[in-house]
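Report on one structure; see the data block that follows.
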Amino acid sequence: MNNCLNRSNARRVLFSVLVAIAMIPVGACSGTVERHWSEEVSLDDGTVIVIDRYVKFRETNSLAGDAYGSTDLKSTLAFVGDLSKLPSWDVPLFPLVLYRDERSGEWVVVATSSNCEVWEERGSPKPPYWEYRLKSDKWVQSSLSEMSLDRKTNLFFNYEPNLPAGKLSLDLKDQIIKHNDFAKDYLSIRRDAKTNCM
């Protein structure tokens, strides 16, 4: 009788260990990641401003490690120094461009997402970008303007790996772009940009 109980207990322990091992993601990454940094941003008139950035996103990957995905949970862009009275942009998207519209004087942020669910939930725009304008101290989503199209990215967008520094200079951002093979849709606001969603 004791032998039977010991074998039964041993099987339960072995089964529990195997279940626990099976639950460990092999080669996969997942979880919530946060990043904080400041960066220099070059504006159309040659002025360089500094902004503070914060992002929180959820990473997922397949067990084989070949199907990386991320979902932005929070993304903020805060003005500092002389512009610190301006309200922060706070939208869970991937901001690519910041500029000031010379005609209206409004600040503009153009953002995107690599997540198909987010793209669909936010109206499936084509090209896959959203524009926000600062109107009367509020960031308001508006149609993607002609002024935003073909504009070169001036915000740092490669924050999935650990950041190389707490403050990113224009030179450091340029070096990172030159030494990586980023998708063209992140390097500028492209008229012909498409998603892999359907």
Worksheet, complete the sentence: Which residues qualify? For Ser142, with a placed amide H closer than 5 Å and at least 5 residues away or on another chain, they are Glu131, Tyr132, Arg133
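Please compute the Kirkwood hydrodynamic radius over segment 111-184, one decimal place, Å, based on all pairs of different Cα atoms.
14.7
How would you rank Lys178, Lys173, Lys194, going from fewest to most other Cβ atoms within 10 Å of each one's own Cβ? Present the calculation step by step, with values, prior to reporting the outcome.
Details: Lys178 7, Lys173 21, Lys194 11.
Fewest-to-most Cβ neighbours within 10 Å comes out as Lys178, Lys194, Lys173.
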Practice prompt. Can you tell me which of 81-87, 37-43 comes out highest on packing, and rank the rest after it, using the mean Cβ neighbours within 10 Å?
Written response: 37-43, 81-87
Worksheet item: Among Trp139, Trp130, which comes first, then next, by fewest other beta-carbon atoms within 10 Å?
Response: Trp139, Trp130
Practice prompt. Within segment 86-147, report the GluC sites (Glu not before Pro) that DSSP leaves as loop and that have at most 13 other Cβ atoms within 10 Å.
Written response: Glu102, Glu146
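What does the extension gain come out to for Asn180 and Val50, with contour length at 0.36 nm per residue minus their alpha carbon separation?
Numbers: separation 130, 0.36 × 130 = 46.80 nm, distance 2.37 nm.
Extra length available between Asn180 and Val50 comes to 44.4 nm.
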Response to the item:
Under 5 Å from the placed amide H of Ser88, counting only residues 5+ away or on other chains, we find none
Worksheet entry | Ser84-Leu187 FRET efficiency (beta carbon distance; Förster radius 25 Å; 0.05 resolution) | 0.30
Worksheet item: Averaged over all directions, how much area does the convex hull of the C-alpha atoms of segment 31-187 cover when projected, in nm²?
Response: 9.8
Worksheet, complete the sentence: If each K or R counts +1 and each D or E counts -1, the residues other than Val140 whose Cβ falls under 15 Å of its Cβ total -1
Worksheet item: Stretch Cys197-Leu73 to full length: gain in nm at 0.36 nm per residue minus the Cα-Cα span?
Response: 42.7 nm
Worksheet entry | 22 Å Cα-Cα reach of Lys85 towards lysines, excluding residues that sit fewer than 8 places from it in its own chain | Lys74, Lys135, Lys138, Lys167
Worksheet item: Nearest 0.05, what FRET efficiency do Ala165 and Lys126 give at R0 = 35 Å with Cβ-Cβ as r?
Response: 0.45
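Read-outs: derived from the displayed coordinates by stated rules, not from any lab. None of the values given here were measured: they were computed from a predicted structure. FYI the Cβ positions are ideal-geometry reconstructions off the backbone, even for glycines, and counts take in every protein chain you see.
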